[in-house]
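So the structure is just underneath, and the comments pick up after that.
The values are calculated or read from the model by the stated rules, or taken from the named source; none is laboratory data. Values in this document were obtained by computation on a predicted structure and should not be read as measured data. We place every Cβ from the backbone using ideal geometry, glycine too, and count neighbours over all the protein chains shown. The protein model used for the area step is the full one, side chains on, heavy atoms only, and it has no ligands, DNA or RNA in it. Shrake-Rupley method; radii C 1.70, N 1.55, O 1.52, S 1.80 Å.
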Protein chains: 2
Amino acid sequence: MINSMDIDHWMDEVESNIAALTAHPYGGTPVGDVLDWATASGGKRIRPRLLLISAMFGDRCGEQRERLTLLAAMVEVTHLASLIHDDIVDEAPYRRDRQSVQAKFGKHAAVYAGDFLMARIQYFQAKEKLSESGMVLSGAIEQMCAGEIGQSMCRWREDVTMQEYLCNIRGKTTALFEAACRIGAMEGGCDGAVIDKLDQFGACLGEMFQLRDDLMDFTADTSCAGKETHKDFRDGIYTMPVLLAMRDPEAKERLIPIMRVNRDQELSGEQIREMERIVQECGGVEATRREIRRHAERCAQILGELPGTAASAALYEILKQLQSE
Amino acid sequence: MINSMDIDHWMDEVESNIAALTAHPYGGTPVGDVLDWATASGGKRIRPRLLLISAMFGDRCGEQRERLTLLAAMVEVTHLASLIHDDIVDEAPYRRDRQSVQAKFGKHAAVYAGDFLMARIQYFQAKEKLSESGMVLSGAIEQMCAGEIGQSMCRWREDVTMQEYLCNIRGKTTALFEAACRIGAMEGGCDGAVIDKLDQFGACLGEMFQLRDDLMDFTADTSCAGKETHKDFRDGIYTMPVLLAMRDPEAKERLIPIMRVNRDQELSGEQIREMERIVQECGGVEATRREIRRHAERCAQILGELPGTAASAALYEILKQLQSE
């Protein structure tokens, strides 16, 4: 049986594989400087961890170690590449306490640094003949792109629906969590029912993760999370707290004029605080917290339906940690 | 033996495969509108044509028809995705007489439309278990990205060297031409020596193609090619005509002040004409034309070293066409 100590050892191998995946022959050149910067940022590595733990539910996990730690690295590098492209679009100055690629080297370099990482994943997929898992991973990337495009098409729209919002976050965030669990379960040798359950767990956890992120943008202060509060709202991306508040006709009536100003010009601090007050008063924040709790309960329920192994305990651990942060 | 009629039939299959590769389940939604626009543009299809003709030098070409027409489509879609990302970086309003994706739907949507196409290629690579060719293709994409990053790092630099310029264009343009020929030759069943020759042909033709493109930016009038003249220079990208002119110390002395102004502010029409005059007078344009002819001769020489089949005649045809345009 595998325990959490094992996971940490396996994660060391994932780190080595991330280094191999992001290796390039341009050391000591300006191109190399860009690629090094693009790949140096750390992160919580939650997606590769989910992949490995999911694999531990299966009986082929041990023998597939090399393949699994490579796939876990591929999932993380996919995430890394997507962050580089997100930062271009968001014009983000920072990423994890250091300058973003786009801020340091320009958007041009950042577009192609992200593309370079995607090509590296494609290369390893070909080299290691990862057919089934490659299809799941690339399918997830397609969904991520569709989610991001969907979000950009909904931007500034005061009539964006909850259904559209959910559809977008399911693409941009959930799909890769789901794929991580599915790939791990498949390659670890789980049976079909367990694969589907882990897939559901990944999807539910991913959605919860994004809701937390959207809520943090509402409630965090500027010093933490390294980004200004209400960045989403300022960018015309209306997330769950706003959408839930707008179910109240009075809140809607007060929010729409602010959204219209937002579209045409930068909102003042007072206007942002007014928006925040309306969303708070109409229970948008509290209702989002409830949604997150509901997702956590659903995750726990799915875990309860899986065999109660050390792997299941490790997934509980991740769930708890996300709830406490 | 295969003739040019066959190639046209095969190209019809390539078109069907391009349609399959760019298919998506988002029809009738805003996401679908973006993806449809991103994939509707035509083009000369020179890269897939090179792949198919290269395959025709081998003895497995006929039996590999399905695989070859799919790979040809993958190469073309790779090119398509790279154009979508190029247009973001160049802020290009048009692409082939219609609005570019970035102009019509914004940079956000364009970043992810390009990524979506790359994910589709990755998906088909996994589905069809294209290992060897997948490695060549993804390796070429890595080189394309490095070339583009290299170009962006050289931007505005008055001291950019011919070596840096060549290194960048070899990545951004040559690599995919080369990969198209190599993949075709490999999958068509050519022997090692023929594969290497076709690879060399692709590389030489690709470099010639980019030199032509850079020259056209210098000499074309605005009405043709759908772009303003001297876009590269205005963008701080100094190409072969400029670099060759700068070998003349007097031209260098006159060009550097214009480059310095260029970096800080938009050049006036008079300044652009002055730059053009200097480059012309010092023979930069004529020397670039000579370089292109030298490449064409080298391409013809490589073709002379290949078996004189219908396939070789078809490559001559492509070479002639590029020279006459």
Looking at A:GLY28, A:GLY58, A:GLY62, which is the one that is over 21 Å from the mean Cα position of the chain (by Cα) and at pLDDT 95 or above? A:GLY58
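To keep it simple, each residue is scored yes or no on (1) without any contact (Cβ under 8 Å) to a residue 24 or more places away in the chain; (2) in contact with a helix residue (DSSP H, G or I) (Cβ under 6 Å, 6 or more places away or on another chain).
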position: A:GLU253; (1), (2): yes, no
position: A:ILE256; (1), (2): no, no
position: A:ARG260; (1), (2): no, no
position: A:ASP264; (1), (2): yes, no
position: A:GLU274; (1), (2): yes, no
position: A:ILE278; (1), (2): no, yes
position: A:GLY284; (1), (2): no, yes
position: A:ILE292; (1), (2): no, yes
Within the stretch B:85-105, which residues are part of a helix (DSSP H, G or I) and in contact with a Lys or Arg (Cβ under 8 Å, 6 or more places away or on another chain)? B:ASP87, B:ILE88, B:VAL89, B:ASP90, B:VAL101
Using beta carbons and a limit of 6 Å, which pairs, at least six apart or on different chains, have the first residue in the stretch B:23-42 and in contact (Cβ under 8 Å) with a residue 40 or more places away in the chain and the second one in a loop (DSSP other than H, G, I, E, B) and open to solvent by less than 50 Å² (accessible area, probe 1.4 Å)? B:LEU35/B:HIS24; B:THR39/B:THR22
Hits in the stretch A:44-67 - residues which are open to solvent by less than 40 Å² (accessible area, probe 1.4 Å), of a type outside the set (Lys, Arg) and more than 9 Å from A:GLY188 (Cα to Cα): A:ILE46, A:PRO48, A:LEU50, A:LEU51, A:ILE53
Which numbered condition trips up B:LEU70, out of (1) outside any loop (DSSP other than H, G, I, E, B); (2) over 23 Å from the mean Cα position of the chain (by Cα); (3) of a type outside the set (Gly, Ala, Ser); (4) surrounded by 15 or more Cβ atoms within 10 Å (Cβ to Cβ)? (2)
Going by what's in this entry, would A:LEU83 be described as open to solvent by 10 Å² or more (accessible area, probe 1.4 Å), out of contact with any Phe, Trp or Tyr (no Cβ under 7 Å at 6 or more places or on another chain), closer than 30 Å to A:SER152 by Cα and within 14 Å of chain B (Cβ to nearest Cβ)? yes
Of all residues in the stretch B:37-55, which are at pLDDT below 95 and in a helix (DSSP H, G or I)? B:TRP37, B:ALA38, B:THR39, B:ALA40
Among B:ILE46, B:ILE53, B:ILE84, which is in contact (Cβ under 8 Å) with a residue 40 or more places away in the chain and either touching a strand residue (DSSP E or B) at 6+ places or on another chain (Cβ under 6 Å) or within 30 Å of A:CYS167 (Cβ to Cβ) (or both)? B:ILE84
Of all helices (runs of 4 or more DSSP H) completely enclosed by the stretch A:108-199, which ones contain at least 2 residues that are away from chain B (no Cβ under 11 Å) and open to solvent by 10 Å² or more (accessible area, probe 1.4 Å)? A:162-169, A:175-188
Residues that are within 14 Å of chain B (Cβ to nearest Cβ), under 30 Å from B:GLN143 (Cβ atoms) and over 24 Å from the mean Cα position of the chain (by Cα): does the stretch A:17-24 have at least one? yes
Mind checking which helices (runs of 4 or more DSSP H) fall wholly inside the stretch B:205-311 and carry at least 3 residues that are surrounded by fewer than 16 Cβ atoms within 10 Å (Cβ to Cβ)? B:249-264, B:269-281, B:284-304
State the number of residues belonging to the stretch A:86-107 that are closer than 29 Å to B:LEU137 by Cβ and open to solvent by 20 Å² or more (accessible area, probe 1.4 Å). 6
State which residue is surrounded by the fewest Cβ atoms within 10 Å (Cβ to Cβ) when the search covers only the stretch A:25-43 and only residues that are more than 9 Å from chain B (Cβ to nearest Cβ) and polar (S, T, N, Q). A:SER41
Inspect all residues belonging to the stretch A:7-24 and state whether any of them is in a loop (DSSP other than H, G, I, E, B), farther than 22 Å from A:TYR123 by Cα and of a type in the set (Gly, Ala, Ser). no
